[in-house]
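The values are calculated or read from the model by the stated rules, or taken from the named source; none is laboratory data. Fair warning: this is a prediction, and the values are worked out from it, not measured in the lab. In this analysis, Cβ positions are derived from the backbone assuming ideal geometry, glycine residues included, and neighbour counts consider all displayed protein chains. Heads up: the accessible areas ignore ligands, DNA and RNA and are worked out on the full protein's heavy atoms, side chains in. Shrake-Rupley method; radii C 1.70, N 1.55, O 1.52, S 1.80 Å.
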Amino acid sequence: MVDTKIPPGAADRTGSHTGKSPAPVKGSKRTWATAASGRTAALLVSPTLLVLTVVVLYPTLMALKESLYGTKGLDPQTGFISDTEPFVGLQNYADIFGDAGDRFWNAFWNTTFFTVTTVGLETLIGVAMALIMHRAFSGRALIRASILIPWAVPTAISGLLWRWIFNSDGIANALIGHQVLWTTEGFHAKVAVIIAEVWKTSPFIGLLVLAGLQVIPKEVYEAARLDGAGPLAQFWRITLPLVKPALLVAVLFRCLDALRMFDLPYLLIGAQKNSVETLSMLAQNEASNVRFGPAAAYAVLLFVYVFLIALGFVRLLGADLVGDVGGPARTKGKSRLRRGSIRNSAEVPTA
């Protein structure tokens, strides 16, 4: 066997024979560059954090504080209306589970129903729009512009347009040949809101999905055609998996927007309609009647509802959003295997 001798001082430069790497030198250029990049990143992010604090955090804290107070009433000592709002603690939240909570739960289920129905229909129609806009044909620019026009129309204008359509003598009744009072109480009012909302926001999902379709290489479809895959197989095996991250982002944005629905049902159907009243409409109605405590409580609960939906969406589908198929467990396994391979390769046999 060949006797391998290690020159003096070599262990100090390369580490001991056990394979341990030398400790990093403090104050090295790499450490200084990392600290400098961290300070630069913090400096660049600070304006965004400041805006979010002013726009989101401060109003949320003020709404939470206001929800702990009740409405102004008569002062029993003076007989006049009190100048200050009485502190009631969590009474505004407790009233939701009593007889006064019927209106809240009606608005809660209306909000959930509109979100599930409209986002589901918008996803199907938006994907179809994206596939149409992605194809190369004569007049594609005109088709794209006409599809995106509803999304560019302001919601207030869209609500007024659809109100004229759903009038008793409007176009909708003329097409179906039947007299329906769309803007009154009943399930038909929900249908009117769903139709108007889907028409308005389906192009948004179509636009995001179209952006995802344009980054798919054409060679993938050519290879699939050579393998004998038809259009349906190409859609399920190629288009849908590759466009899934963009589609999930679009669905997430639409869910968060639909949960805060206010202006379209307010303008199309009207206020204080049990069929279409949402949580945002309920909070606005309470505030307009100078019941700021219950209104703030409803706004806080809506904020919590939206936050939980967003958090659950990201936690359940976050791996697909970033393209990590294996998830956290697989990432940990890979890092553990990588450390083990490095340790084994660093060991030097003593024989």
Next item on the list: For residues that are in contact with a helix residue (DSSP H, G or I) (Cβ under 8 Å, 6 or more places away or on another chain) and among the polar types (S, T, N, Q), scanning just region 52-71, find the one that is least open to solvent (accessible area, probe 1.4 Å).
Entry: Ser67
Next item on the list: Out of Ile171, Ile205, report the one residue that is in the same structural domain as Asn274 (by TED's automatic domain parsing), open to solvent by less than 30 Å² (accessible area, probe 1.4 Å) and in contact with a helix residue (DSSP H, G or I) (Cβ under 7 Å, 6 or more places away or on another chain).
Entry: Ile205
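Run down Gly79, Gly120 and say which single residue is at pLDDT below 90 and of a type outside the set (D, E, K, R).
Gly79
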Notebook entry, point to check: Given the conditions (1) open to solvent by 80 Å² or more (accessible area, probe 1.4 Å); (2) modelled with pLDDT under 70; (3) not basic (Lys, Arg), which single one is not true for Ser16?
Noted result: (1)
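Filter region 283-294 down to the residues that are in contact (Cβ under 8 Å) with a residue 24 or more places away in the chain and open to solvent by less than 20 Å² (accessible area, probe 1.4 Å) and list them by number.
Gly293
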Item checked: Matching residues in region 84-124 - criterion: being more than 19 Å from Leu259 (Cβ to Cβ) and under 19 Å from the mean Cα position of the chain (by Cα) -> Leu124
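Pick out the one residue from Trp162, Trp151 that is surrounded by 11 or more Cβ atoms within 10 Å (Cβ to Cβ) and either under 27 Å from Leu240 (Cβ atoms) or at pLDDT below 90 (or both).
Trp151
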Item checked: Residues within region 165-199 that are assigned to a helix (DSSP H, G or I) and in contact (Cβ under 8 Å) with a residue 60 or more places away in the chain, tallied -> 9
